[in-house]
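First the structure, in the form of structure tokens, and then the observations on it.
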Amino acid sequence: MEVACNGEGVWFVEAAVTGRSLNDWEAIPRSVVKEELLPSCPPHLNQQEMILMMQVTHFQCGGFVVGLKFNHLVFDGIGVGQFLKAIGEIACGQTHPSGINQIWYRETIPASPMHSKSSLSLLPPKFDIVNSMYDFSIQTIERLKEKISKETSNQFTTFEVVAAVTWKCRTRAIGAIGDVCLIVPANIRHLLFQLPKPGYYGNCFYPLTITATGEQIMKASLVELVGLIKMLKKVYQQNLRNGLQATSRKIHIRFQLPTII
């Protein structure tokens, strides 16, 4: 992939909604949220060539929604946050945005080996990956937290609770019998880079994976699943640090039917 530094800026759309306020958010169909609140470009332009697209939609109540689309080949979630902060500072007139150090740190990421044509002749397997969207309301999350807190004195995060519930519910829904996997992309910038200030906005994550049988997940309580996810987050840093020092092998993620990311 090559990035053309043509100075054209960021694709920005300003929109407005009439007859609706953010108080009506629960009544807005998810399909409308996806189609109307996310930016889209005209047919004569290739959306895949857009690094970042932004849309601000104003509601009658005075509130607004910011919709973003970005190219994951260029940056990950944390990276796009840094990138957006820099864009905002440039829009406010700053010449040198904070958090972006002009350092060429190419030696940190070794070049990939060249592959022979014969090794590239076979097409990769086609995965039927389903992209689902579900809105966990604040009230639902608070009820789940309250339920779990009655059964354990350990602290837990919103992510751990939502991940545990999603994993359990999906396993039940598909009736998984064999192994089921939960993959959690974890930021590893602090393990790889020794820069004095943050600024790297490219992809820098490791797929943490928990594997168990479908029967185990369906029978486990939410407290047990939250504890499993918490333990994975706790031990991965040391294990990954040791692994990075011992090997430089590439990471391959194996997708199967009962895999949830």
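The values are calculated or read from the model by the stated rules, or taken from the named source; none is laboratory data. Small disclaimer: the values here were computed from a predicted structure and weren't measured. For neighbour counting, all protein chains shown are included, and Cβ atoms are generated from backbone atoms with ideal geometry for every residue, glycine included.
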Checklist line | Subset of the range 67-82 (residues that are crowded, with 16+ Cβ neighbours inside 10 Å, under 11 Å from the mean Cα position of the chain (by Cα) and in a helix (DSSP H, G or I)) | finding: Ile78, Gly79, Val80
Next item on the list: Return yes when Gln216 is free of Cβ contacts under 8 Å to residues at least 12 places away in the same chain, outside the structural domain of Leu84 (by TED's automatic domain parsing) and closer than 18 Å to Val235 by Cα and no when it is not.
Entry: no
Checklist line | Residue in the range 1-43 that is farthest from Asn71 (Cα to Cα), counting only those that are among the small types (Gly, Ala, Ser) and in contact with an Asp or Glu (Cβ under 9 Å, 6 or more places away or on another chain) | finding: Ala15
Margin query: I'm checking my understanding of the structure. Among residues of the range 1-53 that are in a loop (DSSP other than H, G, I, E, B), in contact (Cβ under 8 Å) with a residue 40 or more places away in the chain and not hydrophobic (A, V, I, L, M, F, W, C), which one is surrounded by the most Cβ atoms within 10 Å (Cβ to Cβ)?
Written below: Arg20
Note to self: Looking for something over 17 Å from Val13 (Cα atoms), at pLDDT 85 or above and out of contact with any His (no Cβ under 9 Å at 6 or more places or on another chain) - is there at least one such residue anywhere in the range 54-61?
What the structure shows: yes
Next item on the list: With a cut-off of at least 2 residues that are over 18 Å from the mean Cα position of the chain (by Cα) and modelled with pLDDT of 90 or more, name the helices (runs of 4 or more DSSP H) lying wholly within the range 131-234.
Entry: 138-149, 158-174, 214-219
